[in-house]
1. Within the range 72-108, take every residue that is among the aromatic types (Phe, Trp, Tyr) and over 17 Å from residue 35 (Cβ atoms) and give me the one that is surrounded by the most Cβ atoms within 10 Å (Cβ to Cβ).
2. With the condition kept exactly as written, say whether any residue in the range 347-360 is in a loop (DSSP other than H, G, I, E, B) and open to solvent by 70 Å² or more (accessible area, probe 1.4 Å).
3. Being in a helix (DSSP H, G or I), in contact with a Phe, Trp or Tyr (Cβ under 9 Å, 6 or more places away or on another chain), at pLDDT below 80 and among the small types (Gly, Ala, Ser) narrows it down to one residue among 78, 55, 46; which is it?
4. Against the condition in contact (Cβ under 8 Å) with a residue 60 or more places away in the chain, open to solvent by less than 40 Å² (accessible area, probe 1.4 Å) and in contact with a Lys or Arg (Cβ under 8 Å, 6 or more places away or on another chain), how does residue 328 come out, does it pass?
5. Test of understanding: among 467, 498, which residue is of a type in the set (Ser, Thr, Tyr), out of contact with any helix residue (DSSP H, G or I) (no Cβ under 6 Å at 6 or more places or on another chain) and over 15 Å from residue 448 (Cα atoms)?
6. Which numbered condition trips up residue 473, out of (1) open to solvent by 70 Å² or more (accessible area, probe 1.4 Å); (2) over 18 Å from residue 552 (Cβ atoms); (3) modelled with pLDDT of 85 or more?
7. Would you please name the residue that is least open to solvent (accessible area, probe 1.4 Å), looking only at residues in the range 177-212 that are small (Gly, Ala, Ser) and closer than 17 Å to residue 268 by Cα?
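The values are calculated or read from the model by the stated rules, or taken from the named source; none is laboratory data. Just so you know, these numbers come straight off a predicted model, no measurement behind them. Here the Cβ is made from the backbone with ideal geometry for all residues, glycine too, and neighbour counts use every protein chain on show. Side chains included, ligands, DNA and RNA excluded: accessible areas come from the protein's heavy atoms. Shrake-Rupley method; radii C 1.70, N 1.55, O 1.52, S 1.80 Å.
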Amino acid sequence: MNRYPKQNAAWLVKAPLLRCLAIYAQMPWRFTLTAVLFAFANIGVAWQQWLIGRALNDVNRGHVVVRLPDGSLDYHRAMFWLTLLVGIASLRALIQYLAGVMSMIVGQELLFKIRERILVQIQRLDLGYHRRHGMGELVTRTTRDADKVRDALINFWRQIFETTLLVLASIGMLYWYSPWLGIVPLVLTLTGLAILMTHMEHLVELDRAVGSAYDKVNQNLTEGVNGVRVIKAFSLESARIASFETQIAGFSGASRDAIAYAARRIPLPQCIVALSHVWVLAYGATLIGQGQLTIGGLVASLLLANTLVLRVEGIGRVMQIFADARASAQRIWNLLDAEPQFESGTVALPQGPLGVRLQNVNVTTPEGGNDILGDISFAIEPGEIVALVGTTGSGKSTLLGLLPRLAHAHAGSVSVGSAEQGWFSVDSLDTSALRERVHVVPQESFLFSDTLAANLRLGAPDASDTTLRAALKMACAEDILDGLREGFATRLGDRGMTLSGGQRQRLCLARALLARPAVLGLDDATSALDATTERTVLQNIRQLRASAGEAITVLIVSSKLSTILLADRVLLLAAGRIAAQGTHAELASREPAYRDLMGI
């Protein structure tokens, strides 16, 4: 279940950046405090500049420093203005500092919430989504795109919110001096912003192109790191470097296009806004000549206009940041709005041994084209060990993935249970509970960059060291533990690359057995083991029924004859269908395709 509610307002869905901004609602007190601090800081700017004008009027009238009858000078008025202006400036600086700190705090918290949502969503989505979208793309959503959104929302405080307050305060003060002194700068400012907004859509498109190019760079880099052994084995270094340079060139070209467009389009509206300063100076001088404005009022108006122009001129760069962030926010919400191919059921799975039953199961390609599996029907009794064999591409891994709902059947039913306790469709079962009881070990043995104990305890967090050693013994992996200098506390390195393929497979088997699954699928998960070790592991699984009363049902995908001879029964999969089933001897005697596959 998704732990985060969807934002369903249609207008909000069409505004991805506002959807990110709406996350501030989860921190209402900090958001309100930040807004209040910025309001005081920016209203204080206009007030401070108005007071400067008043002070200059006092200077012009000769009221600041007064010569007394005895010839001495009275500085009381000067000290009053000095103290007041310095005090206001200091207080405003403190408030501005606190507002900046608060904006950084809420910005970082918002970034944390976005990244947490992305991670939760990545774990929630089905494997089909991960196959359609590469690792590089998902990493980009969490890094570059999330950072761009964070930068935009911090600029929301420092530029949009703060500038809006400052514009309102400055225009209001100019209007107070003279209506036309405020109206014309307001019109020029709105005209400049309107021109900037006309370029927003194209800036968004340009950033989408940059983001797409960056995805390719990230994917290439990720594959280069993860596939370094293959690259070195086939001497592909030069080809990979050339490919990477091509993608970097594409990314650089897209970035240059975006920068060049912004450089050509943004100066014009900035110049229009800057005319406000010229207007205030010219019209203010006219008002002085007519006796409608004082020198102090003109100076204060120029200060207000100067502040207004400097702030609004920076809006051009902010608009570009927001355009970039809007494209990034759209990509993030495309991920967060994606729904998994199927939702978890709610039915609880009963305790006890489990078998497997498939009835008329069909699985098609994601595009709805050819069948991967067609009309699959078979049953496996609790405690039975069954081998699944077939040519490469016949659908063995897909079939195995149906059991814990790692793959989805488009027709038919996949059930677990038994004749005694009944059969339960995997679609109706709680998915987490199902995967605790039905475990599939893939051929590609993945270990986290953590300690041996931490990797083993993934399926049994409370397991003692004694229990861990027992699981290693069952998987014939005790020698691995004995060969590690720090024992269970040994870190295995990135993806367990400090170990051999056979060692990784045995540790993954131990991890799966430690979880005590009722159904265990081995997707060629013993391919790196020798025949003796493999036989011992399967015999240990069989002995669980006698020693602990645990009948583990095992479905093994394998092409090794030594493995198949250890199974109770064999299923022959051909062209996505069960072509035959029976014991090894029965299939060998009557099925030519089976004999050809096994080389007998």
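1. We begin by selecting, within the range 72-108, every residue among the aromatic types (Phe, Trp, Tyr); these are 75, 80-81, 97.
Then drop every residue that is not over 17 Å from residue 35 (Cβ atoms), which leaves 75, 80-81.
Values: 75: 12, 80: 13, 81: 18.
Per the stated criteria, the residue is 81.
2. Keep residues of the range 347-360 that are in a loop (DSSP other than H, G, I, E, B), which gives 348-354.
Now narrow it down to the ones that are open to solvent by 70 Å² or more (accessible area, probe 1.4 Å): 348, 351.
Yes, the range 347-360 has at least one match.
3. Details: 78 fails: in contact with a Phe, Trp or Tyr (Cβ under 9 Å, 6 or more places away or on another chain); 46 fails: in contact with a Phe, Trp or Tyr (Cβ under 9 Å, 6 or more places away or on another chain).
That would be 55, the only listed residue that is in a helix (DSSP H, G or I), in contact with a Phe, Trp or Tyr (Cβ under 9 Å, 6 or more places away or on another chain), at pLDDT below 80 and among the small types (Gly, Ala, Ser).
4. Details: in contact (Cβ under 8 Å) with a residue 60 or more places away in the chain: yes; open to solvent by less than 40 Å² (accessible area, probe 1.4 Å): yes; in contact with a Lys or Arg (Cβ under 8 Å, 6 or more places away or on another chain): yes.
So residue 328 passes the test.
5. After ruling out the rest, the residue left standing is 467.
6. Unmet condition: (2).
7. Filtering the range 177-212 for residues small (Gly, Ala, Ser) gives 178, 182, 192, 194, 209, 211-212.
Adding the requirement that they be closer than 17 Å to residue 268 by Cα leaves 192, 194.
Details: 192: 1, 194: 53 Å².
Among those that are small (Gly, Ala, Ser) and closer than 17 Å to residue 268 by Cα, it is 192.
A quick yes/no check of all residues on (1) of a type outside the set (A, V, I, L, M, F, W, C); (2) crowded, with 21+ Cβ neighbours inside 10 Å; (3) farther than 20 Å from residue 539 by Cα:
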| site | (1), (2), (3) |
| --- | --- |
| 554 | no, yes, no |
| 558 | yes, yes, no |
| 562 | yes, no, no |
| 565 | no, no, no |
| 570 | no, yes, no |
| 573 | no, yes, yes |
| 581 | yes, no, yes |
| 587 | no, yes, yes |
| 598 | no, no, yes |
